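Notes for the one structure printed next.
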Amino acid sequence: MERLALQHGVSLRKDGKFQALVGRLGQSGPWLMLPQSFMNASGRPVQMLAGFFKIPAGEILVVHDEIEFPPGVARLKLGGGIAGHNGLRDISQRVATHDYWRLRLGVGHPGAKAAVADYVLGKPVQEEREAIDEAIGRALEVMPQVLAGDMQAAMLKLHTDPKPKAPPKAEVKPEPKKPEPKPESKPTPKAESGPEPKPEAKPEPRPAEEKKGLFGSLFGKKK
């Protein structure tokens with residue numbers, strides 16, 4: 001509400017009879033209200049403003065936190081239950097109907113029912129705060145359709161999830177070339193060796209008479 005008022009240059013001023021900060025978009029535009037009562041008693045300011053200006057329930061838009069949605073989710077809805085939300089319970093009782101519009105902003109769930117009260121009253125961590133702020137920004141983008149009464153167009157735009165950012169592509173480095181294996185050097189084949197030469201057989205010595213006669217035949221002959 002504060003960001004919408006800021007966009008339109010509207011001051012939200014305290015009005016005692018409504019127990020709220022109140023402003024209006026233009027002279028005949030919608031009323032903006034920030035109840036200053038306890039959250040569990042939000043219905044009384046809504047009932048008093050709607051009754052005073054004769055605003056039907058179908059033209060009321062309540063912005064509230066939604067623990068069933070994770071941070072970063074924003075949804076528009078007409079009517080439905082209260083899902084244990086004490087602020088919605090009081091509003092529904094005061095205006096005597098559930099059939100008013102809701103802008104639900106996800107804040108996440110603490111995981112245990114007993115921890116919900118302290119969780120929604122505490123401050124979100126930085127990452128969740130950023131996600132909630134982005135969801136509020138997307139809701140503000142559809143406010144022109146909401147204020148014009150074109151709720152179907154507003155829901156279609158708001159409920160279409162933004163395209164996820166593509167992760168940066170990892171730089172693919174070429175694999176280093178493996179050194180080519182050197183061809184194995186084959187041993188030089190040895191020349192095939194033939195059979196070892198047999199030692200020359202020495203003539204066995206002959207008996208003395210044979211030896212004598214032999215030499216005589218070569219040198220002792222006369223021509």
* Structure fact -> Once both label points are put 7 Å beyond Cα along the C-beta direction, the D133-A41 separation in nm becomes 3.3 nm
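Which value, in Å², gives the accessible area per residue of the stretch 1-70 when a 1.4 Å probe is used on the protein heavy atoms? Each step should come with its number before you reach the end.
Working: 4370 Å² over 70 residues.
Averaged over the residues of the stretch 1-70, the accessible area is 62 Å².
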* Given the stretch 1-57, what whole percent of its Cα pairs are spread farther than 16 Å? -> 41 percent
* Asked: Residues with amide H under 5 Å of Q36's amide H, sequence separation 5 or more or different chain, H placed in the peptide plane at 1.01 Å from N; which?
  -> A20, L21
* Could you order K113, K17 so the one with the most accessible surface comes first? Probe is 1.4 Å. => K113, K17
* Asked: What ³J(HN,Hα) values, in whole Hz, does the Karplus curve 6.51 cos²θ - 1.76 cosθ + 1.60 give for the stretch 86-99 when θ = phi - 60°, with x put for Gly and Pro?
  -> 5, x, 5, 4, 5, 5, 4, 5, 6, 8, 6, 6, 9, 8
* Enumerate the amide H contacts of V62 below 5 Å, restricted to partners 5 or more residues apart or on another chain; note that Pro and chain-start residues carry no placed amide H. => W101, R102, L103
* Extension reserve of the H64-Q27 stretch, reckoned as 0.36 nm per residue once the Cα distance is removed -> 10.7 nm
* To do: Quick one: grab Rg to one decimal and Dmax as a whole number for the stretch 1-96, Cα atoms only, in Å.
  => 13.6, 37
* Structure fact -> Which of K54/K113; K14/K157; K77/K123; K54/K123 exceed 29 Å between C-alpha atoms? The answer is K54/K113; K14/K157; K54/K123
* Asked: From the square roots a ≥ b ≥ c of the eigenvalues of the alpha-carbon gyration tensor of the stretch 82-162, which class results: rounded (a/c under 1.5), prolate (a/b over b/c), or oblate?
  -> oblate
* To do: Please give the length that would be gained between A115 and H98 if that part of the chain were fully extended, namely 0.36 nm times their separation in residues minus their C-alpha to C-alpha distance (nm, one decimal).
  => 3.5 nm
* Just how much of F52 is accessible, in Å², when a 1.4 Å probe is used and the result is rounded to the nearest 10? -> 130 Å²
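The values are calculated or read from the model by the stated rules, or taken from the named source; none is laboratory data. In this text the structure is predicted, and so the values were computed from the model without any measurement. For neighbour counting, all protein chains shown are included, and Cβ atoms are generated from backbone atoms with ideal geometry for every residue, glycine included. Quick note on the areas: whole protein, heavy atoms, side chains included, nothing else; ligands and nucleic acids left out. Shrake-Rupley method; radii C 1.70, N 1.55, O 1.52, S 1.80 Å.
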